[in-house]
Amino acid sequence: MSKESEKMNANGPVVVDARWLKDHIEDPEIRIIDTRSSIDYRKGHVKNSLNIQISDLVKAKRGLPAMCSSKEDIESLLSSKGIGNQTFVIAYDNFGGIFASRLLWTLEYYGHERIGIFNGSIKRWLDAGEEFTRKIPKVQKTDFCANPNERRTASIDWVLGHIDDPKVKFLDVRTKDEFAGKTAYGARGGHIPRAVNVHWLEAIDTTTGAFKSNDELKAIYESKGITRGKEIVTYCWMGLRASHGYSMLRVLGYPFVRNYDASWSEWGEIESLAIER
Amino acid sequence: MIITEGWQLEKVVDLFPETLGVLYAIGFTDLETPVMRHAAKLVTVREAAGLMGADSSRLVEDLNRVIQGND
């Protein structure tokens, strides 16, 4: 990782814009990852980027549809993409950063915190006058070694163990209707007791498609009691939108953030677990 | 039938696949894929426009123009 990138990354993941990406597109210490579908990637992508799809990052487990892939699978995947433990990874997508955020969380969970995320959808790269290429770069295979950081994830047992812990805040990033139980994907509607709701799209400036400024984001989260000193657990339906909320908090420098990967696809299905509406 | 801002994006492309071109033009380039179909479940037309920094009223107009065969 270059000294500049290292400095940028000192307090957590960084957000990069089209100008920064253009200036670093040939940097051999940076690996740009396109997290859109392989179909879209093949149609055109940012120069020197490689493709990692969401389906590479999640697997169905224990009846849950989209759980984090195994350590071995992630090690193999990242190594095949030329990502080593020192590589600075920049992720982008075309859905407001939701897929790129899933990669960001996966990397942080597996102990790799040298990562940045493109500011909004990659359409903004094209809007800035930049181009896509169809050329797929050849990279040298690495030997990525994952070191799972259990402080970046929350299991159902962890959530239950902290359900009344005042130092822990549960951040539900689903819609207001999902939060209130008016819309339910699965057996039950509602939310985890004590959770607060900040829809993941509140992080997006809808006039530009970019992320809101750090000051704006901080104000939104703090107004709901999501503060740096707390341990924050993000969740949604199956962990995708939750990764976006996770990313935004990490970009703001929040040190203690976990993603409840199974999210409502687990909590909502277990009748014995308390819910609020 | 008229598409409104509150429609889920998934509903739009399921009922009216002919709108894919309009959505492609604002940046949703792979709504045919299963993952993007899932993502389309998560946003309304208004929110989809916002994700791409597009004008939602204009997007609704364009979508309706296509389904009414006036494109």
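The values are calculated or read from the model by the stated rules, or taken from the named source; none is laboratory data. For clarity, every value in this text was computed on a predicted model and none was experimentally measured. Reconstructed Cβ throughout: ideal geometry from the backbone, glycine too, with neighbour counts over all protein chains shown. Ligands, DNA and RNA are excluded from the accessible area calculation, which covers all protein heavy atoms including side chains. Shrake-Rupley method; radii C 1.70, N 1.55, O 1.52, S 1.80 Å.
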The B/A contact buries a total accessible area, at probe radius 1.4 Å and rounded to the nearest 100 Å², of 1900
For chain B, modelled as a GNM with alpha-carbon contacts under 10 angstrom, which of B:Arg46, B:Arg58, B:Arg37 fluctuates the most?
-> B:Arg58
Taking placed amide H atoms and a strict 5 Å upper bound, the residues 5 or more places from A:Lys61 or on another chain that come that close are A:Ala66, A:Met67
Assigned charges on the beta-carbon of Lys, Arg, Asp, Glu; chain B dipole about Cα centre (debye) = 140
Collect residues whose amide H, placed 1.01 Å from N in the peptide plane, falls under 5 Å from the amide H of A:Lys169; neighbours closer than 5 in sequence don't count.
-> A:Glu231, A:Ile232, A:Val233
Per residue, how much space in cubic angstrom lies within the convex hull of the C-alpha atoms of segment A:39-159?
-> 115
With θ set to phi - 60°, apply the Karplus curve 6.51 cos²θ - 1.76 cosθ + 1.60 along segment A:115-127 and write out the HN-Hα couplings as whole Hz, x wherever there is a Gly or Pro.
-> 8, x, 10, 5, 6, x, 7, 5, 4, 5, 5, 5, 4
Test item: Cα-centred dipole of segment A:140-277, Lys/Arg +1 and Asp/Glu -1 on Cβ, debye = 280
Among DSSP beta bridges whose residues both lie in chain A, state the antiparallel percentage, nearest 5.
-> 20
From the backbone phi of segment A:226-235, what are the Karplus-calculated ³J(HN,Hα) couplings (6.51 cos²θ - 1.76 cosθ + 1.60, θ = phi - 60°) in whole Hz, Gly and Pro given as x?
-> 8, 10, 4, x, 8, 8, 9, 10, 8, 8
Förster radius 41 Å - calculated FRET efficiency between B:Ile2 and A:Gln86, Cβ distance, rounded to 0.05 | 0.15
Would you mind giving the three semi-axes, in whole Å and largest first, of the ellipsoid equivalent to the protein assembly as shown according to its Cα gyration tensor?
-> 28, 28, 18
Accessible area per residue, Å², chain A with all protein chains present, probe 1.4 Å = 41
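By the scheme Lys and Arg +1, Asp and Glu -1, what is the net charge of all other residues having a beta-carbon under 13 Å from that of A:Gly209?
-3
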Using Cα positions and a limit of under 16 Å, work out the lysines in reach of A:Lys141, with same-chain residues fewer than 8 apart set aside.
-> A:Lys81
Determine the per residue accessible area of chain B with all protein chains present and a 1.4 angstrom probe, expressed in square angstrom.
-> 45
Pop out a list of residues from segment B:1-42 that are at least 30 Å² less accessible with all the protein chains around than in their chain alone; 1.4 Å probe, no ligands or nucleic acids counted.
-> B:Thr29, B:Asp30, B:Thr33, B:Val35, B:Met36, B:His38, B:Ala39, B:Lys41, B:Leu42
Stretched out fully, how many nm does the piece from A:Ser38 to A:Arg134 gain, at 0.36 nm a residue minus the Cα gap?
-> 33.4 nm
Are there residues in segment A:84-120 whose accessible area shrinks by at least 30 Å² when all protein chains are included rather than the chain by itself, and which are they (probe 1.4 Å, ligands and nucleic acids not counted)?
-> A:Asn94, A:Phe95, A:Phe99
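Please state the charge dipole magnitude for segment A:104-181, taken about the Cα centre, from unit charges on C-beta atoms (+1 on K and R, -1 on D and E), reported in debye and rounded to the nearest 20.
The calculation lands at about 460 debye.
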Non-local amide H neighbours of A:Val15 (under 5 Å, H modeled in plane, Pro and chain starts lacking H): which ones?
-> A:Ile117
Helical mean residue ellipticity (222 nm; -39500 (n - 2.57) per DSSP H run of 4+; nearest 500) of chain A | -8000 deg cm²/dmol
Of the heavy-atom accessible surface of chain A (probe 1.4 angstrom), what whole percent is carbon and sulfur?
-> 49
Charge tally in the Cβ shell below 15 Å around A:Lys176, where Lys, Arg are +1 and Asp, Glu are -1, A:Lys176 excluded | 0
Packing rank of A:222-230, A:149-157, A:193-201, where each peptide gets the mean count of other beta carbons within 10 Å, highest leading = A:193-201, A:149-157, A:222-230
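Loop-only check: which trypsin sites (Lys or Arg not before Pro) in segment A:3-110 are DSSP coil with at most 10 other Cβ within 10 angstrom?
Sparse-neighbourhood loop trypsin sites (Lys or Arg not before Pro): A:Arg62.
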